[in-house]
Structures are given as C-alpha cells and as structure tokens.
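Read-outs: derived from the displayed coordinates by stated rules, not from any lab. Since this is a predicted model, take the numbers as computed values, not measurements. Positions of Cβ are backbone-derived with ideal geometry, glycine not excepted, and every protein chain shown enters the neighbour counts.
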Amino acid sequence: MLHLIRTEWLKIKPYRAFWVMVGLAVAIIPAGNYIAAEITSQIVSKTKELIAVAPYDFPLIWQSIANVNSYMTALFAIPMIILVTNEFTYKTHRQNIIDGWERREFVLAKLFWWLALSLLAFLTTTITALVLGLAYGTHPLSFENFEYLFYYLLQVLLSLGIATLIAVLVRRSGLAIVLYLCYIMIVEQVLVLVLKRNFGEIGGLLPLQTGDELMPFPVVGKLLNNADHYDDGVYLLILCLYIGLMIFLVFRRMLKTDY
Amino acid sequence: MPILSLQNISKRYGAIQALSGVSFEVPKGAVFGILGPNGSGKTTLLGIVTDVLKADTGTFTLLDAPPAARQRQRIGTLLETPNFYHYLSAYQNLQVAASIKQQSGQDIPRVLDIAGLTARQHSRFKTYSLGMKQRLAIAAAMLGDPEVLILDEPTNGLDPAGIAEVRQLIQQLAQTGKTIILASHLLDEVEKVCTHVAILQKGKLLLSGPVNQVLVREDFVELSCNDNTKLMSVISQHPAFDHIISSQEHLQVVFKQPVDPATLNAWCADQGLWLNHLYTRKQSLEKAFLQITNN
C-alpha cells in the first residue's frame, strides 16, 4: 500500500489546481462556521429568555458543526472527482495497468485519496470546532457529543464514495460534477420528501439522508423530530452499508470493464 | 520458451468481432511484427495482453506464466497513444512510471537521453509536440532496460528522421537479444525490422511465421520493345515463362526460375525483337500483402 501512496503522491504533488481546491475546502469550513457561530451567538444573546442553548458552545458545538458541514461535503468531493476523471481524460488509467499495476491496485490508489480527503475534512472540522467552541463558548472544553463528528466522517466517506462511483461510471469531469451535485442537492432531497410524505420515515434511509438523520441541528432537529424516527443505530448501520456498497460498485466497475 | 503464447483469443465489441480465435507464439529474441490494416485488431490484441482489455474467450501466457501485473513491470509497453499526465513534466511522468514498475528512477536520465528529450525534460507534457510525446512514450517503454518490448505503431507522429531513429533503435535493441513485439500497418517498417510476422485482417490471423516465409515476393522482369503486342506473344514461348502481371507501358513477366537479363536479351534478339527496356524487379511489398489478404 505504501508503494501505491508513493506513486499517487508523485502524481498529485505538483498538481496545483488540486491543491487550490483542497485549500479552498479547508478554508471554507472554518469561514462558514465562523459566520454561523457569529449569527447564532447574536440570536442567543438577543433571545436569552427564549433560547437557552448556544449551538457553538460545548458540548453542542460538535453536533452543530457536524450538521453545518454536512451541507459542504461537495467541497471535498469535487477534487475527488477530478482526481479520478483525470486518469480517464489522460488515459493514464490504461498506462498505470500497462506499466504494472493490478486493476485492484489502481482502485486502492484512488481509495487512498477517498480516505485521505475524508480524514482531512474530519480533522479540519474537529480543529474548527475546538477553536470556535473556545472562542464563542462559555462552557469549558468537553468531548461529550463528539460522536456527531464520527457521523460526519461517515457521511463524508459516503458522499465521496458516491462521487467516486459517478466518476468511474461517466469518466468525464464536467459531467460527473454536474451529476454529483444534482444528486446531492436535488435528486435525493426530492426523493426524501416524496418518500417521507407517502411512505413515512423510510425516506430517511436514502444514502446521504441517513447521515442527516443522525446529525440534526440542535434544538431545530428536536422540534422537527417525529415519532416514526428510527433508532440512530438503524441509520448508522444503513449508512455504513451504503459506504460498503459504493466501494464494492467502484471495484466491480473497474475490475470488469475495458480500459 | 515462448515470450508470449496466445491460444484462441476472441473479442467482440457489440456487433463487431474485433478478434476471432487468434493463436500464435512469439519466440524469445524475435522482433515480432503484428501486421494488419487499421481496424484489423492489432491494438485490441495487445490491449488484451496488457490487461487493459478483457478477452471474451481464450487464454495467453506471458514470459511462460499466466499473465500478472508483476510480469508487465518487466515489459516496456507503448500502446496506441502516449498516455501521460498533462500537468507533469517528462521527468515527473517517468518518475510515476518507474514507481509503478517498482524501479528506483535511476534509469530516467538514460532513457531521456536516448529519446533526445534531456533538454526538455522539465517541460510539462502538454507543451510537447506530437513527435516529442511519442519519443517520451518510447523512453517510458525503455525504463529499466526491459527484456521484452511491446510497441504499438511506435513511429506514429514522428518526422522522417525520427522514424529512421526509432527503426535504428529497434534494430539495436534486437541485436542485444531483446524480444520486441511490434504492431504496425506500415509494411516496409515490418519488413525492415522484423524477424517474424503475424498478419491480421478483420480480427482473424491469416498467417504467422518468419518474415521471409510469410511475405514471399516474386521476382519479375520488366521489358519493352517497339512492338509490345508481338513481344507478348513471343515471350510466352520462352521456356521459363510463367505468367504476365501487367502489359501497361512495359510488360511485367514472371518466370518459373530466375533468368539472366543478358541471356533473355539475346533470346529476344534471336526472335527478331530488340528490347529498349529490360529491368529485373521484386514485386512490391504492398502487392505481396494484398495477395495474402485477398486470398
């Protein structure tokens, strides 16, 4: 595996456009949450009697930031799509195999980036939460509710898994990005609403929605919660199964198809 | 030990049968040409050998063992077009190739020098001309001085000097005992550099074997006199006469055995015909190839 990572590093280290995209993603997480923290702190200070909770204070901050960042997984999915589709554009996926990689190794090399970008999102989120919590909070540092960040990590893994699957299926960066954004921003949202309206909480079991069900925004989530809501364990299990399914489908596609 | 042994390889793309039960062996140390017109299945065949395409049926062995990635690391391959990362320099692209082949990269300066790219090694691939891209692909194929080279149309995009250099390089490599599998639609390229050849047409193997046995070209004599109609009837009486290929401008006559031009000239004079044109020629390679593919 180290040999695969070394080769991937040789490919990507000089790729400036990729690092700019990753840099933006890393910068937007604290910036977006800073705005959210500023707004919520003003709301809390003006409505002290009505809303007694501060979303950007410990321990609620872990849940708040996980929820806010779950809307921004595309920041890391787009560089992921570009990394994968570049191989098809340049036909280097063929050359890597010709030069002596197993097809399985080619997929594993790409999954390294899937994992690395997901962990980077997780790490950036953790550090952002620590800094904002200490800056805006009145409570001391607490890791209570930290499990929400693990739910966020799983949702990022799934979101990047969906992006990778779309990338290996359509092979063109522009089309893959459009299809991915359409899916996460429109298609799944519409399906969730339709299913929830007609069939109940089963709509919450769609891929990215499983993560959303696990990470409602504090207070607001509780207000919207309904009695049909499954146990968190169900959403967690289904979310993990979706991640496994995406990886399986990526492998299946890349092992069987002509390059 | 055959370097490559193909058994009954078939491949279909939808309605098109790209390869149909192809079997042949590439002996060690051969410069093996895979010859065929565009679309005959050459690249598909090499794609299957390098695992970028999956055969529908059939098996093959590479370096006397079932195919695997570790064997491909020991083979230098240029398949169809140069495939490199556009944003990386030539040197960085070769570093990637060397890393996949599990080599140190020490050989990179040598192959860049052979390809004549040392001066431009730090330029990005996207700034290269077509010929430079092809040279870089040849350099990549030679990384680590592999014992076996697979070259698919290696002179594509090169200028005449580049073509001559690559052919010379292939001959030099062949002299060092390397096995070279060369796919080409250029007949003279195959004839000039190959020891063995397999001819493909519409996915079927027509012939394979040593070049001088597969691409047999008959000698013919080109002659003319003031009255070619009379010459035609007279020459058909020659004891060694076999057949006439063409009677346009000059008569092109094939004899059953080689005839000495001076003797032939004297024989015609004895028949009262004074030749004004007499030339012994070889059938063109194109004609020999067309005869094989038409049959």
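Flag: A:Val53 matches the condition of being in contact with a helix residue (DSSP H, G or I) (Cβ under 8 Å, 6 or more places away or on another chain) and surrounded by fewer than 17 Cβ atoms within 10 Å (Cβ to Cβ).
The residue pairs whose first member lies in the range B:269-295 and is of a type in the set (Lys, Arg), whose second member is in a loop (DSSP other than H, G, I, E, B), and whose beta carbons are closer than 9 Å, counting only pairs six or more residues apart or on different chains, are B:Lys282/B:Arg217; B:Lys282/B:Glu218; B:Lys287/B:Arg217. Taken over the range A:66-121, the criterion of being out of contact with any Phe, Trp or Tyr (no Cβ under 8 Å at 6 or more places or on another chain), under 30 Å from A:Leu214 (Cα atoms) and small (Gly, Ala, Ser) is satisfied by A:Ala116 alone.
When residues of the range A:109-131 are filtered for being within 15 Å of A:Asn67 (Cα to Cα) and crowded, with 22+ Cβ neighbours inside 10 Å, how many remain? So the count comes out to 4.
Against the definition (of a type outside the set (Ser, Thr, Tyr) and in contact with a strand residue (DSSP E or B) (Cβ under 9 Å, 6 or more places away or on another chain)), how does B:Gln213 come out, yes or no? Before you say what the answer is, go through the steps one by one.
Numbers: of a type outside the set (Ser, Thr, Tyr): yes; in contact with a strand residue (DSSP E or B) (Cβ under 9 Å, 6 or more places away or on another chain): yes.
Yes.
Restricting attention to the range A:182-198, the residues being aliphatic (A, V, I, L, M) and crowded, with 17+ Cβ neighbours inside 10 Å number 3. Residues in the range B:155-183 that are crowded, with 16+ Cβ neighbours inside 10 Å, under 25 Å from B:Ser129 (Cβ atoms) and small (Gly, Ala, Ser): B:Gly157, B:Gly162, B:Ala183. Of all residues in the range B:1-55, those being in contact with a strand residue (DSSP E or B) (Cβ under 6 Å, 6 or more places away or on another chain) and of a type in the set (Lys, Arg) number 3. In the set (1) small (Gly, Ala, Ser); (2) within 17 Å of the chain's Cα centre (by Cα); (3) over 20 Å from A:Leu75 (Cβ atoms); (4) buried (at least 18 other Cβ atoms within 10 Å of the Cβ), A:Gly244 fails one condition alone, (4).
For the range B:186-209, the set of residues classified as crowded, with 20+ Cβ neighbours inside 10 Å and part of a loop (DSSP other than H, G, I, E, B) consists of B:Cys194, B:Gly203, listed by residue number. A:Phe143 passes every criterion in (1) out of contact with any helix residue (DSSP H, G or I) (no Cβ under 7 Å at 6 or more places or on another chain); (2) of a type outside the set (Val, Ile, Thr); (3) surrounded by 19 or more Cβ atoms within 10 Å (Cβ to Cβ); (4) in contact (Cβ under 8 Å) with a residue 40 or more places away in the chain apart from (3). Per the listing B:Asp260, B:Asp219, the residue uniquely in contact (Cβ under 8 Å) with a residue 60 or more places away in the chain and surrounded by fewer than 15 Cβ atoms within 10 Å (Cβ to Cβ) is B:Asp219. Scanning the range A:116-164 for residues that are charged (D, E, K, R) and in a loop (DSSP other than H, G, I, E, B) yields a single hit, A:Glu144. Listed here are the helices (runs of 4 or more DSSP H) enclosed by the range A:1-72 that have at least 2 residues being within 14 Å of another protein chain (Cβ to nearest Cβ) and out of contact with any Leu (no Cβ under 8 Å at 6 or more places or on another chain): A:2-12, A:16-46.
Would you mind listing the strands (runs of 3 or more DSSP E) fully within the range B:30-127 where at least 1 residues are facing another protein chain (nearest Cβ under 10 Å) and under 15 Å from B:Leu143 (Cβ atoms)? Break it down into steps so the answer makes sense when it comes.
Working: elements: B:31-35, B:57-62, B:75-78.
The strands (runs of 3 or more DSSP E) meeting that bar are B:75-78.
Set side by side, the residues A:Phe58, A:Phe76 differ, and just one is surrounded by 24 or more Cβ atoms within 10 Å (Cβ to Cβ) and in contact (Cβ under 8 Å) with a residue 12 or more places away in the chain, which is A:Phe76. For the range A:214-233, the count of residues that are touching a Leu at 6+ places or on another chain (Cβ under 6 Å) and among the β-branched types (Val, Ile, Thr) is zero.
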